[in-house]
Amino acid sequence: MIVLLSIYVDLALGLVLSFLLLSLLVSGLNEAFVRLLAIRSKFLWAYLRDTMDGSDKDGRSWLPASVREVFAVLPFTRDPRPVHSDQPAPAEAGELPAKETKAEDAMINLLYQRVREIDHPKQGRTSIANLPPGRFAAALMELAAAEDGGVEGLLEKLKAMGSPLHGHLKGVWESAQRDMERFRAGVENWFDGEMQRLSMLYRRYVKWVVAALGLLVTLVFTMDGLEYAKTLLRDNAFRASVTAVAESGPDAYGELKAQCERSNPVPCITDTLSQPALVKVFDHALVSLSIPEEGDPAVHWNGGTWWDRLTTPSHWPGYLMTYVALLFGAPFWWDVLRRLTGIRSHR
(Lines give C-alpha, C1' and ligand atoms only; values in the text may rest on other atoms or scores of the structure.)
Protein backbone atom coordinates (compact mmCIF):
# COMPACT_ATOMS: atom_id res chain seq x y z
CA MET A 1 0.00 0.00 0.00
CA ILE A 2 2.83 2.40 0.88
CA VAL A 3 4.60 1.54 -2.40
CA LEU A 4 1.40 2.14 -4.40
CA LEU A 5 0.86 5.48 -2.68
CA SER A 6 4.45 6.46 -3.40
CA ILE A 7 3.99 5.66 -7.09
CA TYR A 8 1.00 7.97 -7.34
CA VAL A 9 2.78 10.72 -5.45
CA ASP A 10 5.71 10.32 -7.87
CA LEU A 11 3.24 10.55 -10.74
CA ALA A 12 1.77 13.76 -9.33
CA LEU A 13 5.22 15.27 -8.84
CA GLY A 14 6.29 14.35 -12.36
CA LEU A 15 3.20 15.96 -13.88
CA VAL A 16 3.55 19.06 -11.72
CA LEU A 17 7.19 19.48 -12.75
CA SER A 18 6.34 19.17 -16.43
CA PHE A 19 3.41 21.60 -16.19
CA LEU A 20 5.60 24.03 -14.24
CA LEU A 21 8.30 23.84 -16.90
CA LEU A 22 5.83 24.53 -19.72
CA SER A 23 4.08 27.26 -17.73
CA LEU A 24 7.41 29.00 -17.16
CA LEU A 25 7.96 28.89 -20.91
CA VAL A 26 4.53 30.44 -21.52
CA SER A 27 5.24 33.14 -18.92
CA GLY A 28 8.60 33.90 -20.52
CA LEU A 29 7.07 34.20 -24.00
CA ASN A 30 4.30 36.42 -22.65
CA GLU A 31 6.79 38.70 -20.88
CA ALA A 32 8.92 38.94 -24.03
CA PHE A 33 5.84 39.79 -26.12
CA VAL A 34 4.63 42.45 -23.68
CA ARG A 35 8.09 44.01 -23.37
CA LEU A 36 8.69 44.01 -27.12
CA LEU A 37 5.48 45.93 -27.79
CA ALA A 38 5.75 48.04 -24.59
CA ILE A 39 2.15 47.14 -23.77
CA ARG A 40 2.35 48.06 -20.08
CA SER A 41 3.72 51.53 -20.74
CA LYS A 42 1.22 52.25 -23.50
CA PHE A 43 -1.65 51.01 -21.33
CA LEU A 44 -0.63 53.35 -18.49
CA TRP A 45 -0.27 56.43 -20.69
CA ALA A 46 -3.54 55.69 -22.51
CA TYR A 47 -5.27 55.81 -19.12
CA LEU A 48 -3.42 59.02 -18.15
CA ARG A 49 -4.41 60.72 -21.40
CA ASP A 50 -8.07 59.82 -20.93
CA THR A 51 -7.98 60.96 -17.30
CA MET A 52 -6.06 64.21 -17.76
CA ASP A 53 -6.74 65.41 -21.30
CA GLY A 54 -9.84 63.43 -22.25
CA SER A 55 -10.56 61.80 -25.60
CA ASP A 56 -8.46 62.49 -28.68
CA LYS A 57 -9.27 65.05 -31.39
CA ASP A 58 -11.64 62.55 -33.05
CA GLY A 59 -13.55 61.99 -29.82
CA ARG A 60 -12.14 58.49 -29.25
CA SER A 61 -10.97 57.14 -25.92
CA TRP A 62 -7.27 56.33 -25.68
CA LEU A 63 -7.76 53.37 -23.35
CA PRO A 64 -8.53 50.27 -25.47
CA ALA A 65 -11.95 48.68 -25.14
CA SER A 66 -11.23 45.28 -26.72
CA VAL A 67 -8.49 42.68 -27.02
CA ARG A 68 -7.94 43.66 -30.66
CA GLU A 69 -7.31 47.28 -29.71
CA VAL A 70 -4.86 46.27 -26.96
CA PHE A 71 -2.66 44.10 -29.17
CA ALA A 72 -3.29 45.40 -32.69
CA VAL A 73 -4.21 49.11 -32.47
CA LEU A 74 -2.48 50.38 -29.31
CA PRO A 75 1.02 49.00 -30.09
CA PHE A 76 1.15 50.03 -33.75
CA THR A 77 -1.17 52.87 -34.72
CA ARG A 78 -2.09 54.89 -31.59
CA ASP A 79 0.90 55.22 -29.31
CA PRO A 80 -0.28 57.31 -26.32
CA ARG A 81 3.17 57.76 -24.77
CA PRO A 82 4.83 61.22 -24.70
CA VAL A 83 8.04 61.71 -26.67
CA HIS A 84 11.07 60.90 -24.52
CA SER A 85 13.25 63.74 -23.22
CA ASP A 86 16.68 63.27 -21.68
CA GLN A 87 16.46 66.65 -19.91
CA PRO A 88 15.73 66.91 -16.17
CA ALA A 89 12.46 68.39 -15.02
CA PRO A 90 12.30 72.21 -15.24
CA ALA A 91 12.96 74.07 -12.00
CA GLU A 92 9.37 75.28 -11.99
CA ALA A 93 6.30 73.50 -13.30
CA GLY A 94 4.65 74.99 -16.37
CA GLU A 95 1.29 76.73 -16.21
CA LEU A 96 -1.80 75.17 -17.72
CA PRO A 97 -3.33 76.95 -20.73
CA ALA A 98 -6.60 78.77 -20.23
CA LYS A 99 -8.15 76.56 -22.93
CA GLU A 100 -6.85 73.44 -24.60
CA THR A 101 -7.31 71.97 -28.03
CA LYS A 102 -7.25 68.19 -28.23
CA ALA A 103 -4.05 68.24 -30.28
CA GLU A 104 -2.04 70.00 -27.56
CA ASP A 105 -2.09 67.29 -24.85
CA ALA A 106 -1.18 69.99 -22.36
CA MET A 107 -1.81 68.07 -19.15
CA ILE A 108 -0.03 64.90 -20.19
CA ASN A 109 3.04 66.84 -21.32
CA LEU A 110 3.16 68.87 -18.11
CA LEU A 111 2.87 65.67 -16.06
CA TYR A 112 5.66 64.03 -18.05
CA GLN A 113 7.90 67.03 -17.39
CA ARG A 114 7.58 66.41 -13.64
CA VAL A 115 8.32 62.65 -13.74
CA ARG A 116 10.79 62.23 -16.58
CA GLU A 117 13.80 61.82 -14.27
CA ILE A 118 12.77 58.17 -13.84
CA ASP A 119 12.51 57.64 -17.60
CA HIS A 120 14.63 56.02 -20.29
CA PRO A 121 13.81 55.95 -24.00
CA LYS A 122 12.13 53.15 -25.92
CA GLN A 123 11.75 53.77 -29.64
CA GLY A 124 11.84 57.52 -29.00
CA ARG A 125 9.01 57.42 -26.46
CA THR A 126 8.81 57.24 -22.69
CA SER A 127 9.19 53.75 -21.22
CA ILE A 128 7.58 54.57 -17.85
CA ALA A 129 5.17 51.71 -17.16
CA ASN A 130 4.59 52.27 -13.45
CA LEU A 131 3.94 55.67 -11.89
CA PRO A 132 4.04 55.52 -8.08
CA PRO A 133 0.98 57.20 -6.49
CA GLY A 134 3.22 59.36 -4.30
CA ARG A 135 5.09 60.63 -7.38
CA PHE A 136 1.84 61.40 -9.18
CA ALA A 137 0.50 63.31 -6.15
CA ALA A 138 3.74 65.27 -5.86
CA ALA A 139 3.59 66.18 -9.56
CA LEU A 140 0.05 67.50 -9.16
CA MET A 141 1.04 69.54 -6.13
CA GLU A 142 3.89 71.07 -8.18
CA LEU A 143 1.43 71.93 -10.96
CA ALA A 144 -0.93 73.49 -8.40
CA ALA A 145 1.92 75.55 -6.95
CA ALA A 146 2.54 77.06 -10.38
CA GLU A 147 -1.04 78.39 -10.64
CA ASP A 148 -2.43 81.58 -9.15
CA GLY A 149 -4.69 80.46 -6.34
CA GLY A 150 -2.94 77.13 -5.87
CA VAL A 151 -5.29 74.15 -5.97
CA GLU A 152 -8.31 76.39 -6.55
CA GLY A 153 -6.59 77.94 -9.55
CA LEU A 154 -5.63 74.49 -10.87
CA LEU A 155 -9.21 73.30 -10.58
CA GLU A 156 -10.49 76.36 -12.45
CA LYS A 157 -8.03 75.76 -15.27
CA LEU A 158 -8.93 72.06 -15.46
CA LYS A 159 -12.63 72.95 -15.66
CA ALA A 160 -12.01 75.50 -18.40
CA MET A 161 -9.94 72.96 -20.35
CA GLY A 162 -12.65 70.32 -20.04
CA SER A 163 -10.23 67.91 -18.38
CA PRO A 164 -11.86 64.83 -16.77
CA LEU A 165 -9.32 65.23 -13.98
CA HIS A 166 -11.28 68.22 -12.70
CA GLY A 167 -14.12 66.08 -11.38
CA HIS A 168 -11.78 63.68 -9.58
CA LEU A 169 -9.67 66.40 -7.97
CA LYS A 170 -12.70 68.51 -7.09
CA GLY A 171 -14.12 65.65 -5.06
CA VAL A 172 -10.81 65.01 -3.31
CA TRP A 173 -10.37 68.74 -2.57
CA GLU A 174 -13.81 69.03 -1.01
CA SER A 175 -13.30 65.84 1.00
CA ALA A 176 -10.01 67.21 2.30
CA GLN A 177 -11.85 70.37 3.42
CA ARG A 178 -9.29 72.42 1.50
CA ASP A 179 -6.42 71.18 3.64
CA MET A 180 -3.29 70.83 1.47
CA GLU A 181 -1.75 67.86 3.29
CA ARG A 182 -5.01 65.96 3.34
CA PHE A 183 -5.51 66.84 -0.32
CA ARG A 184 -2.11 65.41 -1.25
CA ALA A 185 -2.85 62.21 0.69
CA GLY A 186 -6.29 62.03 -0.93
CA VAL A 187 -4.83 62.34 -4.44
CA GLU A 188 -2.32 59.62 -3.63
CA ASN A 189 -5.03 57.27 -2.35
CA TRP A 190 -7.28 58.01 -5.32
CA PHE A 191 -4.50 57.36 -7.83
CA ASP A 192 -3.46 54.17 -6.02
CA GLY A 193 -7.03 52.88 -6.34
CA GLU A 194 -7.06 53.80 -10.03
CA MET A 195 -3.81 51.91 -10.62
CA GLN A 196 -5.24 48.82 -8.94
CA ARG A 197 -8.31 49.03 -11.16
CA LEU A 198 -6.12 49.54 -14.21
CA SER A 199 -3.99 46.52 -13.28
CA MET A 200 -7.10 44.36 -13.07
CA LEU A 201 -8.22 45.58 -16.50
CA TYR A 202 -4.74 44.97 -17.91
CA ARG A 203 -4.61 41.40 -16.57
CA ARG A 204 -8.05 40.74 -18.05
CA TYR A 205 -6.71 41.53 -21.51
CA VAL A 206 -3.32 39.86 -21.08
CA LYS A 207 -4.91 36.56 -20.03
CA TRP A 208 -5.98 36.15 -23.66
CA VAL A 209 -2.35 36.34 -24.73
CA VAL A 210 -1.46 33.72 -22.10
CA ALA A 211 -4.28 31.52 -23.40
CA ALA A 212 -3.04 31.85 -26.99
CA LEU A 213 0.58 31.19 -26.00
CA GLY A 214 -0.49 28.18 -23.91
CA LEU A 215 -2.24 26.70 -26.92
CA LEU A 216 0.80 27.42 -29.11
CA VAL A 217 3.21 25.78 -26.65
CA THR A 218 0.96 22.73 -26.28
CA LEU A 219 0.71 22.21 -30.03
CA VAL A 220 4.34 23.02 -30.88
CA PHE A 221 5.61 20.57 -28.27
CA THR A 222 2.67 18.16 -28.80
CA MET A 223 2.70 17.61 -25.07
CA ASP A 224 0.13 14.86 -24.39
CA GLY A 225 -0.42 15.02 -20.63
CA LEU A 226 -2.22 11.66 -20.53
CA GLU A 227 0.54 9.92 -22.51
CA TYR A 228 3.17 11.45 -20.24
CA ALA A 229 1.29 10.25 -17.15
CA LYS A 230 1.16 6.70 -18.56
CA THR A 231 4.90 6.79 -19.21
CA LEU A 232 5.55 7.86 -15.63
CA LEU A 233 3.39 5.01 -14.31
CA ARG A 234 4.89 2.29 -16.50
CA ASP A 235 8.56 3.25 -16.50
CA ASN A 236 9.92 3.09 -12.96
CA ALA A 237 13.40 4.29 -13.95
CA PHE A 238 12.03 7.28 -15.85
CA ARG A 239 9.68 8.17 -13.01
CA ALA A 240 12.52 8.02 -10.50
CA SER A 241 14.73 10.25 -12.65
CA VAL A 242 11.95 12.82 -13.09
CA THR A 243 11.22 13.02 -9.38
CA ALA A 244 14.96 13.29 -8.70
CA VAL A 245 15.03 10.71 -5.92
CA ALA A 246 16.97 7.51 -5.45
CA GLU A 247 14.17 5.40 -4.05
CA SER A 248 10.55 5.58 -3.01
CA GLY A 249 9.29 5.58 0.54
CA PRO A 250 8.54 8.09 3.27
CA ASP A 251 11.70 10.09 2.46
CA ALA A 252 11.17 10.01 -1.29
CA TYR A 253 11.60 13.76 -1.72
CA GLY A 254 14.30 14.33 0.84
CA GLU A 255 16.93 15.02 -1.78
CA LEU A 256 14.85 17.63 -3.61
CA LYS A 257 13.82 19.24 -0.34
CA ALA A 258 17.40 19.33 0.96
CA GLN A 259 18.59 21.00 -2.27
CA CYS A 260 15.92 23.69 -2.41
CA GLU A 261 14.81 24.41 1.13
CA ARG A 262 17.76 26.48 2.36
CA SER A 263 18.31 28.61 -0.72
CA ASN A 264 16.33 30.60 -3.22
CA PRO A 265 14.06 27.88 -4.66
CA VAL A 266 13.73 29.39 -8.14
CA PRO A 267 17.30 28.62 -9.35
CA CYS A 268 17.12 25.26 -7.61
CA ILE A 269 13.92 24.27 -9.37
CA THR A 270 15.30 25.61 -12.66
CA ASP A 271 18.27 23.26 -12.28
CA THR A 272 15.91 20.40 -11.52
CA LEU A 273 13.78 21.16 -14.55
CA SER A 274 16.84 21.15 -16.80
CA GLN A 275 17.67 17.53 -16.01
CA PRO A 276 17.83 15.22 -19.08
CA ALA A 277 14.82 13.25 -17.88
CA LEU A 278 12.61 16.33 -18.00
CA VAL A 279 14.01 17.42 -21.34
CA LYS A 280 12.25 14.31 -22.68
CA VAL A 281 9.02 16.24 -22.26
CA PHE A 282 10.03 17.92 -25.52
CA ASP A 283 10.93 14.74 -27.43
CA HIS A 284 7.93 15.08 -29.73
CA ALA A 285 8.25 18.81 -30.35
CA LEU A 286 8.62 20.29 -33.81
CA VAL A 287 12.27 20.74 -32.90
CA SER A 288 13.61 18.45 -30.16
CA LEU A 289 16.74 18.48 -28.04
CA SER A 290 18.73 15.43 -26.99
CA ILE A 291 21.34 15.46 -24.23
CA PRO A 292 23.56 12.35 -24.38
CA GLU A 293 25.60 11.16 -21.41
CA GLU A 294 28.72 11.92 -23.43
CA GLY A 295 29.19 14.52 -26.13
CA ASP A 296 27.36 17.71 -27.01
CA PRO A 297 23.58 18.26 -27.04
CA ALA A 298 21.96 17.85 -30.45
CA VAL A 299 18.92 19.48 -32.05
CA HIS A 300 16.62 17.47 -34.31
CA TRP A 301 13.90 18.47 -36.77
CA ASN A 302 10.80 16.33 -36.23
CA GLY A 303 8.41 17.82 -38.76
CA GLY A 304 6.93 14.55 -39.99
CA THR A 305 6.54 12.92 -36.58
CA TRP A 306 5.20 16.13 -35.11
CA TRP A 307 2.49 16.44 -37.77
CA ASP A 308 1.45 12.80 -37.35
CA ARG A 309 1.03 13.30 -33.58
CA LEU A 310 -0.78 16.58 -34.04
CA THR A 311 -3.34 15.07 -36.42
CA THR A 312 -3.91 11.87 -34.40
CA PRO A 313 -7.27 12.20 -32.58
CA SER A 314 -6.21 9.87 -29.76
CA HIS A 315 -3.72 12.53 -28.58
CA TRP A 316 -6.26 15.36 -28.49
CA PRO A 317 -7.62 14.63 -24.98
CA GLY A 318 -4.02 14.73 -23.70
CA TYR A 319 -3.40 18.04 -25.47
CA LEU A 320 -6.57 19.43 -23.89
CA MET A 321 -5.39 18.29 -20.45
CA THR A 322 -2.03 20.02 -20.95
CA TYR A 323 -3.61 23.20 -22.28
CA VAL A 324 -6.02 23.49 -19.35
CA ALA A 325 -3.12 22.87 -16.95
CA LEU A 326 -1.12 25.72 -18.52
CA LEU A 327 -4.01 28.12 -18.04
CA PHE A 328 -3.47 27.86 -14.26
CA GLY A 329 -0.05 29.50 -14.69
CA ALA A 330 3.42 28.95 -13.27
CA PRO A 331 2.66 30.43 -9.79
CA PHE A 332 -0.07 27.84 -9.27
CA TRP A 333 2.15 24.89 -10.23
CA TRP A 334 5.03 26.22 -8.17
CA ASP A 335 2.74 26.37 -5.15
CA VAL A 336 1.56 22.80 -5.79
CA LEU A 337 5.17 21.62 -6.12
CA ARG A 338 6.10 23.41 -2.90
CA ARG A 339 3.26 21.71 -1.05
CA LEU A 340 4.12 18.28 -2.46
CA THR A 341 7.79 18.48 -1.52
CA GLY A 342 7.55 20.55 1.63
CA ILE A 343 9.83 23.25 0.25
CA ARG A 344 9.37 26.48 2.18
CA SER A 345 8.89 29.78 0.39
CA HIS A 346 12.09 31.82 0.20
CA ARG A 347 11.88 35.19 1.95
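The values are calculated or read from the model by the stated rules, or taken from the named source; none is laboratory data. Just so it is clear, the structure is predicted and the values come from calculations on it, not from any experiment. Ideal geometry is used to build each Cβ from the backbone, glycine not excepted, and the neighbour counts take in all protein chains shown. With ligands, DNA and RNA removed, areas are computed over all heavy atoms of the protein, side chains included. Shrake-Rupley method; radii C 1.70, N 1.55, O 1.52, S 1.80 Å.
The number of residues in region 191-215 being closer than 24 Å to ARG309 by Cα and in contact (Cβ under 8 Å) with a residue 12 or more places away in the chain comes to 5. For region 33-62, a residue qualifies if it is outside any helix (DSSP H, G or I), modelled with pLDDT of 85 or more and open to solvent by 40 Å² or more (accessible area, probe 1.4 Å), and the qualifying residues are SER61, TRP62.
Restricting attention to region 85-94, the residues that are among the hydrophobic types (A, V, I, L, M, F, W, C) and open to solvent by less than 50 Å² (accessible area, probe 1.4 Å) total 2. With respect to the conditions (1) open to solvent by 30 Å² or more (accessible area, probe 1.4 Å); (2) within 21 Å of GLU142 (Cα to Cα); (3) touching a helix residue (DSSP H, G or I) at 6+ places or on another chain (Cβ under 9 Å), ARG125 falls short on a single one, namely (2). Selection of region 157-175 for residues being modelled with pLDDT of 90 or more and over 15 Å from THR51 (Cβ atoms) yields TRP173, GLU174, SER175. Checking the structure you have, find out if any residue of region 17-32 is under 20 Å from ARG125 (Cα atoms) and surrounded by fewer than 18 Cβ atoms within 10 Å (Cβ to Cβ). Yes, some residue in region 17-32 is under 20 Å from ARG125 (Cα atoms) and surrounded by fewer than 18 Cβ atoms within 10 Å (Cβ to Cβ). Considering only region 170-178, I want to know if a residue exists there that is open to solvent by 60 Å² or more (accessible area, probe 1.4 Å), on the phi < 0 side of the Ramachandran plot and in contact (Cβ under 8 Å) with a residue 40 or more places away in the chain. Taking every residue of region 170-178 in turn, none turns out to be open to solvent by 60 Å² or more (accessible area, probe 1.4 Å), on the phi < 0 side of the Ramachandran plot and in contact (Cβ under 8 Å) with a residue 40 or more places away in the chain. With a requirement of 2 or more residues that are modelled with pLDDT under 80 and hydroxyl-bearing (Ser, Thr, Tyr), none of the helices (runs of 4 or more DSSP H) lying completely within region 294-347 satisfies it. Pairing residues of region 308-332 that are surrounded by 19 or more Cβ atoms within 10 Å (Cβ to Cβ) with residues that are aromatic (Phe, Trp, Tyr), at Cβ distances under 6 Å and at least 6 apart in sequence or on separate chains, gives ALA325/PHE19. Taken over region 53-85, the criterion of being of a type in the set (Ser, Thr, Tyr) and within 23 Å of the chain's Cα centre (by Cα) is satisfied by SER66, THR77. Residue pairs whose Cβ atoms lie under 7 Å apart, sitting 6 or more positions apart in sequence or on different chains, and linking a residue in region 8-33 that is closer than 15 Å to VAL336 by Cα to a partner that is outside any helix (DSSP H, G or I) and open to solvent by 30 Å² or more (accessible area, probe 1.4 Å), are ASP10/SER248. On the basis of being out of contact with any Gly (no Cβ under 9 Å at 6 or more places or on another chain), modelled with pLDDT under 85 and under 23 Å from ARG178 (Cα atoms), does ALA93 make the cut? Spelling it out, ALA93 is indeed out of contact with any Gly (no Cβ under 9 Å at 6 or more places or on another chain), modelled with pLDDT under 85 and under 23 Å from ARG178 (Cα atoms). Checked against the criterion of being in a loop (DSSP other than H, G, I, E, B) and closer than 22 Å to LEU169 by Cβ, region 103-121 has at least one qualifying residue.
Mind checking which residues of region 66-84 are in a loop (DSSP other than H, G, I, E, B) and open to solvent by 30 Å² or more (accessible area, probe 1.4 Å)? Result: SER66, PHE76, THR77, ARG78, ASP79, HIS84.
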